[in-house]
Amino acid sequence: YYVYILFSEGIGEYYCGQCNNVADRLRRHNSGETQSIRHGRPWKLTGYLEVSTRSLAMQTEKRIKKRGIKRWLQEHSHELIISL
């Protein structure tokens, strides 16, 4: 599983989510299938973390969002994988 962070230059915001296929999830976000964030298209992948279970992915996503995505990135961007 993966925890990914996207950025929209159009609205200047980050988005964090979790999935089991980052490339497919990014495609779905940018095609408009994800209603809640389609206003930020196109989304660009900032990076992702690989974790062993969906439960851990959900916990990590929650921790990043609680800290604030931008703030978390300032402290942990070196941990991200940035190429697909």
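The values are calculated or read from the model by the stated rules, or taken from the named source; none is laboratory data. These numbers come from a predicted model, not from an experiment. Remember, those area values only see protein heavy atoms, side chains included, never the ligands or the DNA or RNA. Shrake-Rupley method; radii C 1.70, N 1.55, O 1.52, S 1.80 Å.
When segment 56-76 is filtered for residues that are small (Gly, Ala, Ser) and closer than 11 Å to residue 3 by Cα, only 57 remains.
Among the residues of segment 33-53, those that are over 13 Å from residue 4 (Cα atoms) and either open to solvent by 30 Å² or more (accessible area, probe 1.4 Å) or part of a helix (DSSP H, G or I) (or both) comprise 33, 35, 36, 37, 38, 39, 40, 41, 42, 52, 53.
Matching residues to (1) at negative phi; (2) open to solvent by 100 Å² or more (accessible area, probe 1.4 Å); (3) of a type outside the set (Phe, Trp, Tyr):
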position	(1), (2), (3)
4	yes, no, no
18	yes, no, yes
21	yes, no, yes
56	yes, no, yes
63	yes, yes, yes
68	no, no, yes
